[in-house]
Structure formats: C-alpha cells, structure tokens
Amino acid sequence: MMGNAENERAVAEEPERGRIADLSERQYDCVMRAGQGMSSKEIGRVLGISPSTVDNHIHVAITKL
C-alpha cells in the first residue's frame, strides 16, 4: 500500500505523463533530441526529414505541452 507522500507524488506525475503521451513518436523524438542540444538540421539528418519538418514537430509538441 502506498504511503500518503507516495500517493501524492503519483497523482502529481500523472498529468505530466498524459501530456507526453499526447505527442506523436516523431514529435517526441524531435523534442528529446532538441533537448540534448541537437540543431534542427542535425535532427533532420538523423530522422531523415527536413529541418523545417523538425521545427514543425517541435512547434506542435510545445503547443500540446
């Protein structure tokens, strides 16, 4: 059985998980790589998409979050 502090932490984390779960796989990939310091050009090269598509994925992801 969870203690009160554990339960509060689980409840507080749940909305965050829900928002991240709303991202498409591509949006998540782009945001995570950008968070690691990669440029749109670098991300695009790795994922096989254009830098402007990377920017679009990041923009939509930020809007969702």
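The values are calculated or read from the model by the stated rules, or taken from the named source; none is laboratory data. Given the structure is predicted, the values throughout are model-derived calculations rather than measurements. Surface accessibility is based on the protein's heavy atoms, side chains included, excluding ligands, DNA and RNA. Shrake-Rupley method; radii C 1.70, N 1.55, O 1.52, S 1.80 Å.
Quick look at the values:
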quantity: 3 or more residues modelled with pLDDT of 90 or more: qualifying helices (runs of 4 or more DSSP H) within the chain; calculated: 25-35, 40-47, 51-64
quantity: Matching residues, the range 20-65, being of a type in the set (Ser, Thr, Tyr), open to solvent by less than 80 Å² (accessible area, probe 1.4 Å) and within 9 Å of the chain's Cα centre (by Cα); calculated: 24
